[in-house]
1. With the cut-off at 27 Å, tell me which of the pairs LYS177/LYS236; LYS591/LYS826; LYS563/LYS648; LYS771/LYS810 have Cα atoms farther apart than that.
2. Once the dipole of the chain is set up with Lys and Arg at +1 and Asp and Glu at -1 on Cβ about the Cα centre, which of ILE91, PHE797, TRP515 lies farthest towards its positive end?
3. Amide H to amide H, which residues 5 or more places from LYS570 or on other chains are under 5 Å from it, using H placed in the peptide plane?
4. Along the stretch 583-592, what does the Karplus equation 6.51 cos²θ - 1.76 cosθ + 1.60 (θ = phi - 60°) give for ³J(HN,Hα), rounded to whole Hz, x for Gly and Pro?
5. With an 8 Å Cα cut-off and a minimum separation of 6 or more residues, compute the relative contact order for the stretch 298-449 in percent.
6. Roll a 1.4 Å probe over the protein heavy atoms and report the accessible area of ASP557 in Å², nearest 10.
7. Let's see if you can work this out: charge +1 on each Lys and Arg Cβ, -1 on each Asp and Glu Cβ, no other charges. What is the dipole magnitude of the stretch 75-187 about its Cα centre, in debye to the nearest 20?
8. Ignoring ligands, DNA and RNA, how do ARG213, ARG259, ARG374 rank by accessible area with a 1.4 Å probe, largest first?
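The values are calculated or read from the model by the stated rules, or taken from the named source; none is laboratory data. Computed from a prediction, not measured in an experiment: that's the story for all the values here. When we count neighbours, we look across all protein chains shown, and the Cβ atoms used for this are built from the backbone with ideal geometry, even at glycine. Ligands, DNA and RNA are stripped out before the accessible areas are found, and what is left, the full protein with its side chains, is counted by its heavy atoms. Shrake-Rupley method; radii C 1.70, N 1.55, O 1.52, S 1.80 Å.
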Amino acid sequence: MQQTLKISAFILIIVLSISCKRESPTRIGINKDWQFTQTGKENGLPAQVPGFVQTDLFKNHIIPDPYFGGNEKELQWISRSEWEYKTTFDIDKGLLKKEHLELVFEGIDTYAHIFLNGSQLLQTNNMFRKWEVDCKSLLIEGTNILEVHFAPSEKLDSIQAENQNIAFPDMRSYTRKAPYQSGWDWAPRFVTMGIWKPVYLRCWKDARIENIRIKQDSIVNDTAWITTVFEIESSKIQDCFLSIIDESTSDLVNKARVRLEKGLNSFSVDFTISNPELWWTNGLGEPHLYQFGFMVQTNRSIDKKYKNIGIRTLELVQQPDSIGESFYFNLNGMPVFMKGANYVPQDNFPAGISVSRYNRLIKSAVDANMNMLRVWGGGIYEDDLFYDLCDKNGILVWQDFMFACNLYPGDKDFTKNVKQETIEQVKRLRNHPSMALWCGNNEIDEAWHNWGWQKSLGYSEKDSTKLWNEYLNLFEKLLPHIVDSLTDETPYVPSSPKNGWGRKESLTEGDMHYWGVWWGGEPFEMYEKKVGRFMSEYGFQGFPNMKTLFSCLDSTDLKLDSKALLNHQKHPKGMELIRDYMEREYFVPMKFEDYNYVSQLVQAYGIKKAIEAHRRAKPDCMGTLYWQLNDSWPGISWSGIDYFGRWKALHYFVKKAYQEYLISFEETNDSVQIFIVSDKLTDTDAELELSIISFDGEEYWSGKQTVDILSNSSKVYFAKGINGFPKNNHLLIANLISDEKILASNIYYFVPPKELQLSRPNIQKEITKTKSGYTISLKTDKLAKNVFLSFDGDGFFSDNYFDLLPGKEKEINFITKKSIEYIEIKITTLFSSFEK
């Protein structure tokens, strides 16, 4: 069969080579030479497309850095004003002869009237949609003028709200736009406007590929059976060849001859992959990708698209069990514990985020042993690059639709707009092997049942019935119907979480957002008691790196009560809660820099406790996604990685807590139980080494035990009594060793950090230059708790905020691209942060 196809491909090439010349669709970018101005003003300024009004004003030195100090409050006028963008582009006579000329905006934010040579061509009202329109009749030979006039969404939201009899919790819901830009408890308020994605002229003849769907039908007898659905736009009735090419070998794997009708056509072509290499998540195997080309050829045209395919099966298992109802993902026939975080947009101005920033952030997730990210519903549908990187690196994506913490209109026009948005986004993302789940919204079901909107907003029984029916129509009818019809391989859930954290069902079914810690003021120990079936949100705040604060604050504002610093804390009780939990668990330092350091330790301490509890509860709990991975600006937030990509203490702690093997501890009465958690899909023989030592390094007790670790499991393998020694100056160290390699290591302290009897350690360091930076070797005579290494320049420490044990040498790699002859490493410890 394969040989026949190769011959057929050869014949096809000969036929095509002697036929008339075929044209491929082309794109002519219109991203240069833009000017912008506030409506009513004459002098235009250079604009960057893609971009936003605020960033263009900043680049032209009209406004100060929006992220610096308290500038945010002084710049709100921008989003309340009208703005106009304008450019010119040349068209020659040859281009005007093209059969189809269409103007395409990949993304417009948000309300805009678009004019071509003085005639209105298009009107837009959705940030999340692609806008395309035939423009040939308005184009002229020579110079063409393209204008985009923006209206402020705040003004239009206000008008719509005034015309309604029922008030929504937030009037931003009338506009299909990124919710977080209206301000969140971790993000500033910058309501943007602009051409935020590329714009171009699309030229084509006869036929073009509108969309390709890759549908994996089954894997039977070591063969993957795949259906490709070609969606083709044709300008007339004509014959057409459809071809599928294996790009790794250039082999033609299947072809078909079809008859196109005028308009949109859909055809299915099957092919197989023998002995397929499966796509696995990070840590479980290789996320193998196949590249195929999909080609459409008519007598006068040829179009080709490339797609990466990951062969895998994925199922969200929600079945009744002895606890309630399960919630876990089954990948390639194996239940997989999901380890990850919630992802938010990387900038409050998300146009043109660099490839390097995407690469660095996804690499940080991979390096921290993550296998899932949740794209939260208050942000944006991410750039294609984000999903490509997740495909490549074995990161599954929990994808929310962009609805969060609000009620939304149910009228015909709004629903029609959302329907088109949903169709476009599902079609765009459905072929990614990383796509694990579509979720209708963030916390709206919980809010309706638990946040008291009915009382606070004065809804009558009639109002409530109407609003709830509109909710059901959108999230339990329209969205799941579209998902099921366009990508039945990917599951859908209406809302996250299924139940609010105050309800007992949240512990027995569905996913859980647990905010008793932080919002409820409950102690960190509640993380060990409130463990649901899948923990999709929980978190705690910490300050960002000092370098990050220096980027957005004057040195005189580096104090806890400065207005500028407080502007970078968006939670109304954030500073109070950080200090409250710090007082519970640690001493409160006097110096600002030490306070920053300890705030990160508090954050990491709490989330580590939560993650370990979730993993110990496997298989009852099968996922943990903390809030949040990253930041959209330099602020005090729940993130483990700050705005500039710098790892906070949390991310270093998470890297260890998410390793393939985890040693974890649970104290009961007068003993400590030692758990070993394994995500490995095969059994492992190892040795568990345990010792209790004083902070000076004196051994009180030690022991070893051979352990047979079951695959994909959590189990208690040892219990140790903890009487007979002072608990405030002793620790328990556990190592899991196999073939002389440490698989996992962890330390257990018998009292909270503030009760530890620490003394000043004498840390010796030796620094050696390497090709990529430096190696730093450290030794100490006493326990050095939470060693924090810092350097004035840029670079990355392979480990940080770690505990250095007496008599044990530890090597840290410092990686930097800059050539530095000598570096001065500053060392901070928990003891030094408490010294007066």
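1. LYS177/LYS236, as the Cα separations exceed 27 Å there.
2. ILE91
3. ILE636
4. 5, 5, 10, 9, 7, 8, x, 8, 7, 4
5. Dividing the mean separation by the residue count of the stretch 298-449 yields 21 percent.
6. Roll a 1.4 Å probe over it and ASP557 shows about 40 Å².
7. 120 debye
8. Most to least solvent-accessible, the answer reads ARG259, ARG213, ARG374.
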